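Novice: Shown below is the structure under consideration.
The values are calculated or read from the model by the stated rules, or taken from the named source; none is laboratory data. Worth saying up front: this structure is predicted, and the values here are computed from it rather than measured. Positions of Cβ are generated from backbone atoms using ideal geometry, with glycine treated the same way; all protein chains shown enter the neighbour counts. We work out accessible area using only protein heavy atoms, side chains counted, and drop any ligands, DNA or RNA first. Shrake-Rupley method; radii C 1.70, N 1.55, O 1.52, S 1.80 Å.
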Amino acid sequence: METFDLIVIGGGPAGYLAGERAGAAGLKTAVIEKRALGGVCLNEGCIPSKALLNSAKIYEYALHGDKYGVTTTGAAIDHAKVIDRKNRVVKKLVAGVQAQMKHHHVTVIMGEAKIQGKTADGIQIVENNEMYLAKKLLIAAGSVPVVPPIPGVKEGLESGFVLTNREILDLKEQPKELIVIGGGVIGLEMASYFNSIGTKVTVVEMLGKIAGPTDNEISKILMDNYAKKGVQFKLNCRVTAVGANTVTFEENGVPVTIEADKVLLSIGRRAASENLGLETIGVELNRGAIVTDEHLRTNVAGVYASGDINGKSMLAHTAYRETEVAVNHMLGKKDRMRYSAIPSVIYTNPEVASVGETEETAKAKGMDVKTVTLPMSYAGRYVAEVERGDGICKLVVDNKYNRLVGVHLIGSYASEIIYGAALMIETELRIDDLKELVFPHPTVSEIIREALFLV
Ligand code: NAI
């Protein structure tokens, strides 16, 4: 039985980064992955969706170039070729992760790991009749799509009519009509892609707004943009049944049935905590997610959990940071996880990016805040590049300490700008200090500087 200083269950962002960091620090480390190194993010989530969305963006530029003095004829998008390119991108990045594992002398075991128990020497892990001993264990097994007990959903998944993020990113043929159940991040990014390439898209969302926790005004701008592009939104509509080629939902108490050739189910994800053998060592769960502290420790000594499996913030970049904190703790280095300045992005066109509190969440916490909202058109580069753009930048400021607690953007480059805002919040600099920062000109990021001067 081979003993490792650290065994990591799961080879997604939380898992492979643990391999890199622990390997670099000289720990004898193994990463066990049952499906594909890189996890959901690299194989069927963040990266492939970005490849698709970029193709769609290029196509849209070609179609609407006339607004910018560029005339194109015969612009077309070939969905199958887009998928081929996406596959090449994924392959390249997976190979990169493999190379990193090798570089850091991490043992990669392809197979399904199961926790079997605990001895004084460590935690016993079984993979394919092979037993390993882990002095420390990091559970980074990720999440799976939520499948609701709505009649017909299970059958739809089996028949291929209903897709999750995994299948939709591999769809070879472009559907003519797509119904998206759930207007959250996955739903909106996929609605964006398929709308751009000419599929008729209907988004059915149970709440009164799309994009869940996003600032209300920004969520409305995003919806208006896509409504103009032809996406149909059915808000306050709960799906009640899925048929062979139909979806039924309730609209104002009346059942409505619509047809499509495919359905995307994107109503959230849940921690993949089943079948890991967690009960054999008594790992504490809260509604299926592993309970962790600020060092990503579970209630069991020597056992940590990072990434989606702890259900705190299901984002790859959160997973990266959590993993670093966990590995640092194993190495006896001082570090702790903070969740207050984690940016989030929706890669639609326009992009949405936010960090920290919205006006609503700040007020709910009893904070005394004010907001400043500016149209993106206050930034010269935005006007130069975006015809009739309606993006905005919103700052949420804590009056008590005169500092930023939230930044919310909708517009071009928002995804690339937001980390600067996260830094401003994380470092707790005062508004007066932030005003002294020099921003490059002309950039869309200057909108934050403009807004700071209005606080
Ligand atoms: P989500 O939680 O973002 O959105 C789910 C939506 O479905 C919510 O708006 C909810 O109200 C709605 N819903 C729930 N039940 C419903 C029903 N029966 N009928 C109609 N609507 C219903 O979940 P999503 O989009 O599946 O994404 C899963 C996870 O993946 C998220 O936690 C997200 O953080 C992550 N992700 C992040 C991305 C990014 O950072 N750009 C991209 C894609 C996913």
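Residues checked against (1) away from the ligand (no atom under 16 Å from the Cβ); (2) hydroxyl-bearing (Ser, Thr, Tyr); (3) touching a His at 6+ places or on another chain (Cβ under 8 Å):
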{"position": "Arg270", "(1), (2), (3)": "no, no, no"}
{"position": "Ser273", "(1), (2), (3)": "no, yes, no"}
{"position": "Gly277", "(1), (2), (3)": "yes, no, no"}
{"position": "Glu284", "(1), (2), (3)": "yes, no, no"}
{"position": "Gly288", "(1), (2), (3)": "no, no, no"}
{"position": "Thr292", "(1), (2), (3)": "yes, yes, no"}
{"position": "Tyr304", "(1), (2), (3)": "yes, yes, yes"}
{"position": "Glu324", "(1), (2), (3)": "yes, no, no"}
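Novice: Additional query: If I filter the range 297-314 down to residues being without any contact (Cβ under 8 Å) to a residue 60 or more places away in the chain and open to solvent by less than 30 Å² (accessible area, probe 1.4 Å), which single residue comes out as farthest from Ala341 (Cα to Cα)?
Specialist: Filtering the range 297-314 for residues that are without any contact (Cβ under 8 Å) to a residue 60 or more places away in the chain and open to solvent by less than 30 Å² (accessible area, probe 1.4 Å), the one farthest from Ala341 (Cα to Cα) comes out as Asn310.
Novice: Just to be sure, is Lys394 open to solvent by 60 Å² or more (accessible area, probe 1.4 Å) and either at negative phi or in contact with a strand residue (DSSP E or B) (Cβ under 9 Å, 6 or more places away or on another chain) (or both)?
Specialist: So Lys394 does not fit the description; no.
Novice: Tally up the residues in the range 315-343 that are polar (S, T, N, Q), under 21 Å from Gly38 (Cβ atoms) and open to solvent by 30 Å² or more (accessible area, probe 1.4 Å), please.
Specialist: Selection size over the range 315-343: 0.
Novice: Which residue is nearest to Ala305 (Cα to Cα), if the candidates are limited to the range 316-345 and must be among the aliphatic types (A, V, I, L, M) and in a helix (DSSP H, G or I)?
Specialist: First, the residues of the range 316-345 that are among the aliphatic types (A, V, I, L, M): 316, 319, 325-327, 330-331, 337, 341-342, 345.
This time we only want the ones that are in a helix (DSSP H, G or I), so: 316, 319, 325-327, 330.
Details: Ala316: 14, Ala319: 10, Val325: 11, Ala326: 8, Val327: 11, Met330: 12 Å.
Of everything passing the filter in the range 316-345, Ala326 is nearest to Ala305 (Cα to Cα).
Novice: Out of all the residues in the range 190-217, which are surrounded by fewer than 23 Cβ atoms within 10 Å (Cβ to Cβ), near the ligand (Cβ under 9 Å from one of its atoms) and of a type outside the set (Lys, Arg)?
Specialist: Residues satisfying the conditions are Met206, Leu207, Gly212, Pro213.
Novice: So, one more: Tell me whether the range 114-135 contains one or more residues that are under 19 Å from Pro13 (Cβ atoms) and crowded, with 16+ Cβ neighbours inside 10 Å.
Specialist: So far as the range 114-135 goes, no, none of its residues is under 19 Å from Pro13 (Cβ atoms) and crowded, with 16+ Cβ neighbours inside 10 Å.
Novice: State all residues of the range 243-260 that are over 15 Å from Glu205 (Cα atoms) and either β-branched (Val, Ile, Thr) or without any contact (Cβ under 8 Å) to a residue 12 or more places away in the chain (or both); if no residue qualifies, say none.
Specialist: Matches in the range 243-260: Thr246, Val254.
Novice: Could we say that Val153 is β-branched (Val, Ile, Thr), within 12 Å of the ligand (Cβ to nearest atom) and over 16 Å from Phe249 (Cβ atoms) here? Walk me through it before giving the result.
Specialist: On the way: β-branched (Val, Ile, Thr): yes; within 12 Å of the ligand (Cβ to nearest atom): yes; over 16 Å from Phe249 (Cβ atoms): no.
So Val153 does not fit the description; no.
Novice: Quickly run through the range 1-15 and pick out the residues that are surrounded by fewer than 24 Cβ atoms within 10 Å (Cβ to Cβ) and part of a loop (DSSP other than H, G, I, E, B).
Specialist: Within the range 1-15, just Met1 meets the criteria.
Novice: Oh, and also: Considering only residues that are out of contact with any strand residue (DSSP E or B) (no Cβ under 7 Å at 6 or more places or on another chain) and either among the small types (Gly, Ala, Ser) or touching a residue at least 24 places away in the same chain (Cβ under 8 Å) (or both), which ones fall in the range 160-170?
Specialist: If we filter the range 160-170 for residues that are out of contact with any strand residue (DSSP E or B) (no Cβ under 7 Å at 6 or more places or on another chain), which is where we start, we get 160, 166-167, 169-170.
Within the range 160-170, Gly160, Arg166, Leu169, Asp170 qualify.
Novice: Evaluate the range 421-434: report whether one residue or more is on the phi > 0 side of the Ramachandran plot and surrounded by fewer than 16 Cβ atoms within 10 Å (Cβ to Cβ). Give the derivation first.
Specialist: Taking the range 421-434 and keeping what is on the phi > 0 side of the Ramachandran plot, we get 428.
Restricting the remaining residues to those that are surrounded by fewer than 16 Cβ atoms within 10 Å (Cβ to Cβ) gives 428.
Taking every residue of the range 421-434 in turn, at least one turns out to be on the phi > 0 side of the Ramachandran plot and surrounded by fewer than 16 Cβ atoms within 10 Å (Cβ to Cβ).
Novice: Please report, ordered by residue number, the helices (runs of 4 or more DSSP H) entirely within the range 388-455 with at least 1 residues that are of a type in the set (Lys, Arg). Give the steps one after another, and end with the answer.
Specialist: Numbers: elements: 414-426, 431-434, 446-452.
Result: 446-452.
Novice: In addition: Given the condition under 24 Å from Pro145 (Cα atoms) and either in contact (Cβ under 8 Å) with a residue 60 or more places away in the chain or among the aliphatic types (A, V, I, L, M) (or both), answer yes or no: does some residue in the range 354-377 qualify?
Specialist: Applying the first criterion (under 24 Å from Pro145 (Cα atoms)) to the range 354-377 yields 354.
Add one more test, that the residue is either in contact (Cβ under 8 Å) with a residue 60 or more places away in the chain or among the aliphatic types (A, V, I, L, M) (or both), and what stays is 354.
Scanning the range 354-377 turns up at least one residue that is under 24 Å from Pro145 (Cα atoms) and either in contact (Cβ under 8 Å) with a residue 60 or more places away in the chain or among the aliphatic types (A, V, I, L, M) (or both).
Novice: Can you pull out the residues in the range 354-380 that are over 21 Å from Gly212 (Cα atoms), open to solvent by less than 70 Å² (accessible area, probe 1.4 Å) and in a helix (DSSP H, G or I)?
Specialist: Residues satisfying the conditions are Met376, Ser377, Gly380.
Novice: Something else now. Residues of the range 16-36 being open to solvent by less than 10 Å² (accessible area, probe 1.4 Å) and not small (Gly, Ala, Ser), which ones?
Specialist: Within the range 16-36, Thr29, Val31, Ile32 qualify.
Novice: Scanning the range 238-266 for residues that are under 24 Å from the mean Cα position of the chain (by Cα) and buried (at least 22 other Cβ atoms within 10 Å of the Cβ), which turns out nearest to Asn310 (Cα to Cα)?
Specialist: So the residue we want is Ser266.
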